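The values are calculated or read from the model by the stated rules, or taken from the named source; none is laboratory data. Note that the structure is predicted; figures quoted are calculated from it, not measured. Here Cβ is always computed from backbone atoms with ideal geometry, including for glycine, and neighbour counts include all displayed protein chains.
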Amino acid sequence: MRVDRIGHGTSAYKDPELLQYLIDHQIPVEMCPISNVCTASVSSLKEHPIYDFYKNGMLVSVNTDDPKMFNTSLENEYISLIDIFNLDLSDIYNLAQNGIKSAWCSEIIKNVLLKKLSDYFHSNNIEINN
């Protein structure tokens with residue numbers, strides 16, 4: 001199969017070959033941590049694989065799934081990850097970049113969004129470690 005993005009992907013850790021493939025081919029994986037806990041895909045935010053996937057070079061992005069159903073927002077998803085995994089603003093920048101890079105839109109729009117994100121961080125003197 002030729003996929004250009006995977007939704008959730010919380011069980012990918014069970015297959016080391018699949019994990020490596022996702023990393024090597026930079027196939028985007030949309031992750032919705034709060035939804036995944038609510039649906040019992042993972043037992044808790046602390047057990048969610050998003051941090052390990054991100055730190056190992058997988059192209060993961062933070063998403064909300066269904067904000068009203070799961071009583072969350074993108075802001076809440078990020079704050080939860082900051083609290084649980086002690087993410088810093090560089091991590092948030094990189095995860096936001098991942099979301100833009102994996103968006104289903106033109107390269108022109110992606111470049112505009114990436115520049116806006118970069119400009120925001122730089123204009124607020126936020127140090128970014130890539």
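Of the numbered conditions (1) buried (at least 19 other Cβ atoms within 10 Å of the Cβ); (2) in contact (Cβ under 8 Å) with a residue 40 or more places away in the chain, Thr72 satisfies every one except a single condition; which is it?
Every condition holds for Thr72 apart from (2).
Out of Lys68, Lys110, I need the residue that is at pLDDT 95 or above and among the basic types (Lys, Arg). Which one?
Testing whether each residue is at pLDDT 95 or above and among the basic types (Lys, Arg) leaves just Lys110.
Just one of the numbered conditions (1) among the hydroxyl-bearing types (Ser, Thr, Tyr); (2) in contact with a helix residue (DSSP H, G or I) (Cβ under 7 Å, 6 or more places away or on another chain); (3) more than 29 Å from Ser44 (Cβ to Cβ) is not true of Thr72; which one?
(3)
How many residues does the range 74-120 hold that are farther than 27 Å from Ser35 by Cβ and either part of a helix (DSSP H, G or I) or within 15 Å of the chain's Cα centre (by Cα) (or both)?
Residues in the range 74-120 being farther than 27 Å from Ser35 by Cβ and either part of a helix (DSSP H, G or I) or within 15 Å of the chain's Cα centre (by Cα) (or both): 7 in total.
Do any residues in the range 102-125 that are surrounded by 11 or more Cβ atoms within 10 Å (Cβ to Cβ) have Cβ atoms under 6 Å from those of residues that are aliphatic (A, V, I, L, M) and in a helix (DSSP H, G or I), where the two are at least six apart or on different chains, and which pairs are they?
Partner pairs satisfying both residue conditions: Lys110/Ile100; Leu113/Ile100; Leu114/Ile100; Leu117/Ala96.
Pick from Tyr54, Tyr13, Tyr21: which is of a type in the set (Ser, Thr, Tyr) and under 19 Å from Asn129 (Cα atoms)?
Just one listed residue meets the conditions, Tyr54.
When you check Ser123 against the structure, is it farther than 26 Å from Ala12 by Cα and among the hydroxyl-bearing types (Ser, Thr, Tyr), yes or no?
When the stated conditions are applied, Ser123 passes them.
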